[in-house]
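Below you'll find the structure, written out as structure tokens, and then a few comments.
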Amino acid sequence: MKRRAKMAATHLAVAMAASLTAFAATAADLEQVHREALSYDAALAAARASLEAGREKLPQGRAGLLPALNLTGNSNWNDVDLKHYNVSRGYNSNGWQVQLTQPLFRWQNWVQYKQGEMQAALAEAQYQLARQDLTLRAAQAYFDVLVAQDILAAASALHEANTQQLALAKKSFEVGTVTITDVHEAQSRADLSSAQTIAAESDLAVKRHALTVLTGKDQDALKGLRKGVALSRPEPAELQQWVTSAENGSYAVQAAQIAREISDREVERNRAGHLPTVDLVASYGNAAASTAALSAAAPIRTNTDSTIVGVQLAMPLFQGGATNSRVREAAALRDKATADLDNARRTSAQNARQAYLGVTSGLAQVKAFEAAQVSSRSALEANKLGYDVGVRINIDVLNAQSQLYDTLQKLSKARYDTLMAQLKLKAAAGTLVDDDIKAINVLLD
């Protein structure tokens, strides 16, 4: 019988190992989830469309420096009544003209061209910011599912342990070795852990749905951190270096800097409304008409070709105060852009500090919780042994079980929070790239 039981246990272990291998082979990893989010996320799709629109600002600005070619035509019916000669005639006149206009001096057009370059660069920075935001959202959603899974596993294990302790308390009460208080305490913990398990199942379902919304796919299984994996410290290890990088290199700061430069150019462009404009104009056209004669004779028909080449000067003298008003408006918007830039730098610096401390404190918490896990497990075993020999009571075992599984939940969350803080730190400095996702992905199993 013992041999059969041993063989059955061996077969069960082999089957479980094969099942776990198949599970790992089909489980999605962080890199896969990130790729799916890049192709599915609606917010990033909107940012990509905004990028394409923003790139068109460059050719639009350049168009103000290039020649413009226009074709016009007309056809008119004319009624002429010469009362002095008592003659009435009706005739048709028509013509067409092609005109070429080449700006020679239009300062506002030149400024607008430079603005177009900056607006295209702004669109690029805003897109990179949106893409970086998606990377953080994908990683956060992925880690949220893993944490929810670990919390559910810990809650289920605690419920099972409390249920076993309840059964033991009831049996001990039947033989008179414990009081009814022990049974009530065990029943209370079992009911509480049951409620916690239900809440953990609900939370896991919510976190899975959030990941589905991001990727468009139901992820049945996700790879988690390998056992015993060591998390790295930030490089460089100086907080101020990260803060400086964030103040100068974050995509939010880059976008605000470009917006500030565009607002400077906008003031200059509106001030150019006081300046003269000079254009080279060349035109070629044809006019044909059948004019009425002064007698009853046949009308006179004309057909004229004309070519004109010249320079046109336009000098604005007074526009009702609109130009000055637009200059004041642009100056106020420039002040706003300056304040926005200051805010972006301060916010990026704060994000870098918060993320850096999140990594360093997270590493310390992981180390502490790993030690607490060992001590909590030892305390549970000691309390169980003490309960068996009568030197510990039931509530001591229940408290030790709760402490162990609470430590396991906090350890799991601390690990994934630390990984998330690493990504946020690089995002704050504007250095977050796809290789950072790959670097975390190799830690998963």
Evaluate the following for E235: is it part of a loop (DSSP other than H, G, I, E, B), of a type outside the set (K, R) and out of contact with any His (no Cβ under 9 Å at 6 or more places or on another chain)?
yes
Index of the failed condition, Y284 passing every other in (1) within 30 Å of Y416 (Cβ to Cβ); (2) among the aromatic types (F, W, Y); (3) not assigned by TED's automatic domain parsing to the domain that holds A47
(1)
Which of the residues belonging to the range 328-378 are surrounded by 14 or more Cβ atoms within 10 Å (Cβ to Cβ), of a type in the set (G, A, S) and within 28 Å of L425 (Cα to Cα)?
A337, A344, S348, A349, A352, A355, G358, S361, G362, A368, A372
Kindly indicate whether L122 is within 30 Å of Q422 (Cβ to Cβ), touching an Asp or Glu at 6+ places or on another chain (Cβ under 7 Å), crowded, with 19+ Cβ neighbours inside 10 Å and aliphatic (A, V, I, L, M).
no
Taking the condition under 30 Å from A37 (Cα atoms), out of contact with any Ser or Thr (no Cβ under 8 Å at 6 or more places or on another chain) and not polar (S, T, N, Q), does A167 pass?
no
Can you name every residue in the range 329-382 that is within 23 Å of L423 (Cα to Cα) and among the hydrophobic types (A, V, I, L, M, F, W, C)?
A344, A349, A352, A355, L357, V359, L363, A364, V366, A368, F369
Residue check for A161: farther than 29 Å from A421 by Cβ and either in a helix (DSSP H, G or I) or in the same structural domain as A221 (by TED's automatic domain parsing) (or both):
yes
Evaluate the range 116-130: report whether one residue or more is farther than 21 Å from Q254 by Cβ, in the same structural domain as A205 (by TED's automatic domain parsing), of a type in the set (A, V, I, L, M, F, W, C) and in a helix (DSSP H, G or I).
no
With the condition kept exactly as written, say whether any residue in the range 196-215 is part of a loop (DSSP other than H, G, I, E, B) and either farther than 30 Å from K438 by Cα or among the small types (G, A, S) (or both).
no
Please state which of the following conditions T135 fails to meet, knowing it meets all the rest: (1) buried (at least 21 other Cβ atoms within 10 Å of the Cβ); (2) closer than 26 Å to Q373 by Cα; (3) within 20 Å of the chain's Cα centre (by Cα).
(2)
Could you please let me know if L51 is of a type outside the set (K, R) and assigned by TED's automatic domain parsing to the domain that holds A259?
yes
Given (1) within 57 Å of the chain's Cα centre (by Cα); (2) of a type outside the set (D, E); (3) at pLDDT below 90, where does Q32 come up short, assuming only one miss?
(3)
Every listed condition ((1) out of contact with any Gly (no Cβ under 6 Å at 6 or more places or on another chain); (2) at pLDDT 95 or above) holds for L168 save (2)
Give the range 325-358 a look and list any residue that's under 23 Å from P236 (Cβ atoms) and of a type in the set (A, V, I, L, M, F, W, C), or say none.
A344, A349, A352, A355, L357
Evaluate the range 139-159: report whether one residue or more is on the phi > 0 side of the Ramachandran plot and surrounded by fewer than 18 Cβ atoms within 10 Å (Cβ to Cβ).
no
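The values are calculated or read from the model by the stated rules, or taken from the named source; none is laboratory data. Every value quoted in this text rests on a predicted model; they were computed, and no experiment measured them. Note: ideal-geometry Cβ built from the backbone for every residue, glycine included; neighbour counts use all protein chains shown.
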